[in-house]
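Below is one structure; the comments refer to it alone.
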Amino acid sequence: MRVVLVLQGGGALGAYQAGVYQALHEHGLSPDWVVGTSIGAINAALLAGNRREHRLQRIKAFWDRIASRDPFDLNRLSDAQRRQNIQFSTLGTLFSGVRGFFRPRSFNPFAAGLPVAPEQASFYDTDELTATLKELVDFDYLNGPGGMRLTVNALRVKCGSLVGFDSLNGNLCADHVRASGALPPGFPPVRIDGDLYWDGGLYSNTPLETVLYDAEQVDTLCFMVDLWSSEGPEPRTLEEVQTRQKDVTFASRSRRHLVDYVNTRRLQRKVRELYAALPDKAHAPCTERELIELGCESTLHVVRLPYAGHDWHMPLKDINFSQGSITWRWDQGYADAQRAIAAAGWLNFVSEDTPLVVHELPPLATVEPTAANRVPGGRDIGART
């Protein structure tokens, strides 16, 4: 089966995606195609833009570079002390930015409500991200034949339409990746071929539709990484309301897309069956070609990997670049992907007329604890939903 990796936007939560890839890499499940939005686009470019033997090294170099160093070992602190450390780290990000990623604009008229050039309409600039991508991503290799296919999604500002930039066209560069993560008003839009683009997550934060409506109809194993939870408790405080609002805004809409996909595939199959039932004189070569192009014989396996950290219900959890938090998320992504691979539900028999199978993570109780999935302390940020 073709292996596809779908990566959401989610800022600092994207370290979980890196851990998922590490497990896939170690099990020989490196993607043939990776689709990303925002931080997912950055992770995707780091994977597709490097040869297999360099991918883990490069993605680790990126996350090591943008992590803020913790003054203490978080595993040796109480829960309250860890939370306080994370709050200070997050404030540092707001005021100082993130090394190799973004910096606040000094003497910024935009922040005072004054007009500026469209490319400068933001609180931060992302020039450092351009330099980081050019250093860690081999764009010649990415755009060349035979490597991992990359698609990054961005929103065209003037008309609000979603655009997918694809390495199959052979012209992806750092600007396409940066555009996919240009979330306003924090980050500036990026101009490409005359048009301004914002973060694709404003339209759809989970780029699953790109895979569902791909013209190539082949059996596919799709690992979909969800960084935001569509379900959660009723909020009671301002912090909880803001956290819940952000979760709901950026959570995956994949269930609706998957239902539409199944209904479309069933309709295509019925059309082909009705055509086959017609008398031979009613058959036409052009119609048969059109029906073949529709395709409906392939099966899509979707393995859903949800990030389940609570992060103390912090609304700014996506800009928590604390080294300890990033390491924890990476380890959790690795452990969750290991659980999914151990279950390997996609190897079970399905009939040829099955358009879609969705695989959820097996319960933790069914997996023997290992060094990879044992979390020290298991408190708050390490707690599972």
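Could you please give the count of residues in the range 30-69 that are buried (at least 17 other Cβ atoms within 10 Å of the Cβ) and touching a residue at least 40 places away in the same chain (Cβ under 8 Å)? So the answer is 25. E231 falls short on exactly one of the conditions (1) touching an Asp or Glu at 6+ places or on another chain (Cβ under 9 Å); (2) within 27 Å of V20 (Cα to Cα); (3) modelled with pLDDT of 95 or more, and that condition is (3). Taking the listed residues D260, D226, D247, the one that is under 24 Å from A342 (Cα atoms) and not small (G, A, S) is D226, with no other qualifying. No other residue among D336, D311 is in contact with a strand residue (DSSP E or B) (Cβ under 7 Å, 6 or more places away or on another chain), in contact (Cβ under 8 Å) with a residue 24 or more places away in the chain, buried (at least 21 other Cβ atoms within 10 Å of the Cβ) and not hydrophobic (A, V, I, L, M, F, W, C) apart from D336. Checking I341 against (1) within 16 Å of L5 (Cβ to Cβ); (2) surrounded by 20 or more Cβ atoms within 10 Å (Cβ to Cβ), which single condition isn't satisfied? With (1) within 16 Å of L5 (Cβ to Cβ); (2) surrounded by 20 or more Cβ atoms within 10 Å (Cβ to Cβ) applied to I341, the lone miss is (2).
Pairing each residue of the range 149-161 that is more than 14 Å from S180 (Cα to Cα) with any residue that is not hydrophobic (A, V, I, L, M, F, W, C), provided the two are 6+ apart or on different chains, yields C-beta distances under 6 Å for R149/S167.
May I ask you to verify whether R83 is part of a helix (DSSP H, G or I) and either crowded, with 21+ Cβ neighbours inside 10 Å or under 25 Å from the mean Cα position of the chain (by Cα) (or both)?
The answer is no for R83.
In the range 106-127, what residues are in a helix (DSSP H, G or I) and among the hydrophobic types (A, V, I, L, M, F, W, C)?
Listed by number, the residues that qualify are F110, A111, A112.
The single condition among (1) β-branched (V, I, T); (2) at pLDDT below 95; (3) in contact with a Phe, Trp or Tyr (Cβ under 7 Å, 6 or more places away or on another chain) that T210 does not meet is (3). Taking the conditions (1) within 18 Å of the chain's Cα centre (by Cα); (2) open to solvent by less than 30 Å² (accessible area, probe 1.4 Å); (3) of a type outside the set (A, V, I, L, M, F, W, C) in turn, Y261 satisfies each one other than (1). In the range 110-133, the residues that are open to solvent by 30 Å² or more (accessible area, probe 1.4 Å) form Cβ pairs under 8 Å with partners that are of a type in the set (G, A, S) and assigned to a helix (DSSP H, G or I), at six or more places apart or across chains, as follows: F123/A111.
Scan the range 2-23 for residues that are more than 16 Å from T327 (Cβ to Cβ), surrounded by fewer than 22 Cβ atoms within 10 Å (Cβ to Cβ) and out of contact with any Pro (no Cβ under 7 Å at 6 or more places or on another chain) and the total you get is 1.
Does E360 satisfy the condition of being modelled with pLDDT under 90 and open to solvent by 30 Å² or more (accessible area, probe 1.4 Å)? Considered against the rule, which asks whether it is modelled with pLDDT under 90 and open to solvent by 30 Å² or more (accessible area, probe 1.4 Å), E360 comes out as no.
For the range 146-156, state whether one or more residues are more than 27 Å from I319 (Cβ to Cβ) and modelled with pLDDT of 95 or more. Scanning the range 146-156, I find at least one residue that is more than 27 Å from I319 (Cβ to Cβ) and modelled with pLDDT of 95 or more, so the answer is yes.
Right, R103: in a strand (DSSP E or B) and at pLDDT 95 or above or not?
Here the answer is yes, as R103 does meet what is asked.
Residues in the range 245-277 that are without any contact (Cβ under 8 Å) to a residue 60 or more places away in the chain, assigned to a helix (DSSP H, G or I), charged (D, E, K, R) and under 26 Å from G40 (Cβ atoms): D247, R255, R256, D260.
Listed by first and then second residue, the pairs with beta-carbon distance under 8 Å, at least 6 apart or on different chains, first residue in the range 221-236 and without any contact (Cβ under 8 Å) to a residue 24 or more places away in the chain and surrounded by 14 or more Cβ atoms within 10 Å (Cβ to Cβ), second of a type in the set (G, A, S) and part of a loop (DSSP other than H, G, I, E, B), are S230/A251; S230/S252.
The values are calculated or read from the model by the stated rules, or taken from the named source; none is laboratory data. Predicted model, so just to flag it, every value in this text is computed and none were measured. Cβ: placed from backbone, ideal geometry, glycine included. Neighbour counts: every protein chain shown. In case anyone asks, the SASA skips ligands and DNA or RNA and just uses the protein heavy atoms, side chains included. Shrake-Rupley method; radii C 1.70, N 1.55, O 1.52, S 1.80 Å.
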